[in-house]
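Read through the structure below, which is laid out as structure tokens, and then see the notes.
The values are calculated or read from the model by the stated rules, or taken from the named source; none is laboratory data. The model shown is predicted, which means the values in this text are computed figures rather than measured ones. Heads up, the Cβs are rebuilt from the backbone with ideal geometry, glycines too, and the neighbour counts pull from every protein chain shown. SASA here: full protein model, heavy atoms, side chains in, ligands and nucleic acids out. Shrake-Rupley method; radii C 1.70, N 1.55, O 1.52, S 1.80 Å.
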Amino acid sequence: MGISVLMSIYKKEKPEYFRETMESILAQTRQPEEIVLIEDGTLTPELDAVIEEYQKRCSNLKVYPHKENQMLGRALADCLLYTSPSPRDKRQS
């Protein structure tokens with residue numbers, strides 16, 4: 001079974017916190033199959049730059065923008081729409 005990490009990022013987040021989060025994920029013994037990130041509204045240029053840096057480093061990082069802030073609950077719910085189906089899900093179809 002694969003692991004999916006679901007995250008939302010908002011313009012008020014500090015770029016260093018996102019960097020710490022990504023480094024923590026990458027330091028894990030078991031790597032996620034995918035990292036799904038919702039950009040919840042327009043981000044700062046600094047956040048955009050850090051996200052772009054990790055997109056280059058992590059082929060499993062999928063980034064999806066919301067044009068407007070949808071709040072954390074909605075953003076994380078939307079992450080589920082973008083996750084890859086697990087082998088178990090495929091068997092049940």
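Filtering the stretch 3-23 down to residues that are in a strand (DSSP E or B) and out of contact with any Pro (no Cβ under 9 Å at 6 or more places or on another chain), which residue is most open to solvent (accessible area, probe 1.4 Å)?
Of the stretch 3-23, the ones in a strand (DSSP E or B) are 4-9.
If we keep only those that are out of contact with any Pro (no Cβ under 9 Å at 6 or more places or on another chain) too, we end up with 6-9.
Working: Leu6: 63, Met7: 25, Ser8: 33, Ile9: 5 Å².
So the residue we want is Leu6.
Scanning the stretch 24-43 for residues that are in a loop (DSSP other than H, G, I, E, B) and of a type in the set (A, V, I, L, M) yields Ala27, Leu43.
Condition check ((1) modelled with pLDDT of 95 or more; (2) in contact with a strand residue (DSSP E or B) (Cβ under 6 Å, 6 or more places away or on another chain)) across all residues:
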| position | (1), (2) |
| --- | --- |
| Ile3 | no, no |
| Lys56 | yes, no |
| Thr83 | no, yes |
| Pro87 | no, no |
